[in-house]
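The values are calculated or read from the model by the stated rules, or taken from the named source; none is laboratory data. Because the structure is a prediction, the values reported are computed rather than measured. Don't worry about glycine lacking a Cβ; one is built from the backbone with ideal geometry, like all the others, and counts go over all protein chains shown. Surface areas here come from the heavy atoms of the whole protein model, side chains and all, with no ligands, DNA or RNA. Shrake-Rupley method; radii C 1.70, N 1.55, O 1.52, S 1.80 Å.
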Amino acid sequence: MEHGLADAYTDLGWGEAAVESVFPSGSHGRLPIVYSQNYNITFCGLENFHVFDAKKFAKVVKLLEGERLLTRQQLWAAVEATEEQLCDVHSPDYIRGLYTSSQAVAQVIEVPAVGLFPNWLIQNRVARPWRFHAGGTMLAAGLALQYGWSINIGGGMHHASHDSGSGWCAYDDLHLALRKLRRATGGAIQKCLLIDLDVHQGNGHERDKLHLKDTDLYIVDVYGAALWPGDDFAKEAIDVDIAIPLGTADAAYLTALAGALKRAKVEFQPDVILYNAGTDILEGDPLGRMAVSAAGVEERDQAVWRLARDLRVPICMVLSGGYAKDNWRVVGNSLAELLRSFNLVDSDGCAQPLWCSS
């Protein structure tokens, strides 16, 4: 299936010609990690009017390079998702609005001043990065089948649904990735466990589960009980619904997570895991208001990856939210620990299967 899978992702930068160089023998082969410098939003300083660090993705990559765990050349470059691809999940009217209206984009990022700028400028500086994030998640999901794991150093726009977006989330990249994966494998990959650990409820992909009547999608959502969006309609799509109180620290959080993962393991047998790893649970996050330490974030990520390893199911991880000043450092350190503890990169710099870790 290797060549056929690669060919199915030609439109996202992976094709038969690239198969032999995906993970070649010898040193410094490509890793199933996706990134693009186009992920990072810079727009005359206006991005600073929102607490989201729109340039954190580059900082994460730089940290991993500094740890000598990878080089920039080993990363897969995300390709901008096309309008046709985005309409696989989203309504044409919604997509058209994001392409043609700076006010529509301003509404998604919650910075009204952006709507005053010419649309061509907003497209280049704000809207196109979202489409790169979406393309990156779609590609990463396919790459996960190669070695049992993948990471998109971006993505996780879990508030976007088929006809709306908010909270810096324009496109439901998780559903886009899942639907692409199902088609690419001819249905061999069908049942998906989506684990959303961003502190905010993942109402976008939940609404899309209901809209698309996706009975093969099982959602675990652990989120802050008193936080936005509080979308009761979307909660109908959650299979394991864990609402935790503000101020929750490591012990209580990890206990709740362990119970959620245990229940999912008993109730559902997935073909793939999509992991939305928002880090706004971190202590000091201005929007999360939780008290989980950096070490707690690392243990959380380890717990999810252990589940994937134990089930021998491919896992695709996306970064999603996180608003603390040093969030990028916590994300980078947690990714570094995943690569080390699961032996995902060997001494020659080549990717290793998740199944090889003990």
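Magnitude of the charge dipole for the stretch 61-172, about its Cα centre and with charges confined to Cβ atoms of Lys, Arg (+1) and Asp, Glu (-1), is about 420 debye. With protein chains left intact and a 1.4 Å probe, residues in the chain average 38 Å² of accessible area per residue. Label separation (CYS87 vs GLN190): 2.8 nm, computed from points 7 Å beyond Cα along the C-beta direction.
In a reduced charge model with +1 at each Lys and Arg Cβ and -1 at each Asp and Glu Cβ, the chain shows a dipole moment near 480 debye about its Cα centre. Taking a ≥ b ≥ c as the square roots of the eigenvalues of the Cα gyration tensor, the stretch 43-186 is classed as oblate, since a/c reaches at least 1.5 and a/b does not exceed b/c.
For the stretch 268-323, what is the charge dipole size about the Cα centre, in debye to the nearest 20, if Lys and Arg each add +1 at the Cβ and Asp and Glu each add -1 at the Cβ?
Details: 5 positive and 8 negative charges, 34 e Å.
Result for the stretch 268-323 is approximately 160 debye, rounded to the nearest 20.
Using the Cα gyration tensor of the stretch 230-326, with a ≥ b ≥ c the square roots of its eigenvalues, what is the shape: rounded (a/c below 1.5), prolate (a/b larger than b/c) or oblate (neither)?
Prolate shape, in that a/c is at least 1.5 and a/b is the bigger ratio.
Extension gain for TYR99-GLU236 works out to 46.2 nm (0.36 nm per residue, less the C-alpha to C-alpha distance).
Between the listed residues ALA160, ALA177, LEU344, the Cα displaced farthest toward the positive end of the dipole of the chain, a dipole computed from Cβ unit charges relative to the Cα centre, is found at LEU344.
To the nearest µm²/s, what D does Stokes-Einstein give for the chain at 10 °C and 1.306 mPa s, using the Kirkwood radius over alpha carbon pairs as Rh? Please list the in-between numbers first.
On the way: Rh = 20.0 Å.
For the chosen part, D equals 79 µm²/s.
Springs between Cα atoms under 10 Å define the GNM used for the chain, and in it the highest mean-square fluctuation of PHE233, PHE268, PHE132 occurs at PHE233. By the helix-only formula, in which each DSSP H run with n ≥ 4 contributes -39500 (n - 2.57) and the sum is divided by residues, the chain has a 222 nm mean residue ellipticity of -12000 deg cm²/dmol. With K and R counted +1 and D and E -1, the other residues having a Cβ less than 14 Å from that of LEU354 yield a net charge of +1.
Extension gain for the segment ASP7 to ASP163, taken as residue separation times 0.36 nm less the Cα-Cα distance, is 53.2 nm to one decimal.
Is the shape of the stretch 305-344 best called rounded, prolate or oblate, per the rule: a/c under 1.5 gives rounded, else a/b larger than b/c gives prolate, else oblate, with a ≥ b ≥ c the square roots of the Cα gyration tensor eigenvalues?
Judged from the Cα gyration tensor, the stretch 305-344 comes out oblate (a/c at least 1.5, b/c at or above a/b).
Taken along the Cα-to-beta-carbon direction at a fixed 7 Å, the label points for HIS211 and VAL266 span 3.4 nm.
Report the gain in length on full extension from ALA295 to ASP310: 0.36 nm times residue separation, minus Cα-Cα distance, nm rounded to one decimal. Could the numbers behind the result be given before it?
On the way: separation 15, 0.36 × 15 = 5.40 nm, distance 2.22 nm.
Full-extension gain reported as 3.2 nm.
Centre-to-centre, using Cα atoms only, the stretch 270-312 and the stretch 322-358 are separated by 13 Å. Between LEU116, LEU319, LEU178, the Gaussian network model of the chain with springs among Cα atoms under 10 angstrom shows the greatest mean-square fluctuation at LEU116.
DSSP beta bridges confined to the chain are antiparallel in about 10 percent of cases.
Could you tell me what percent of the accessible area of the stretch 37-192 is made up of carbon and sulfur, with a 1.4 Å probe and every protein chain present?
Values: 2980 of 5790 Å².
The computed percentage sits at 51.
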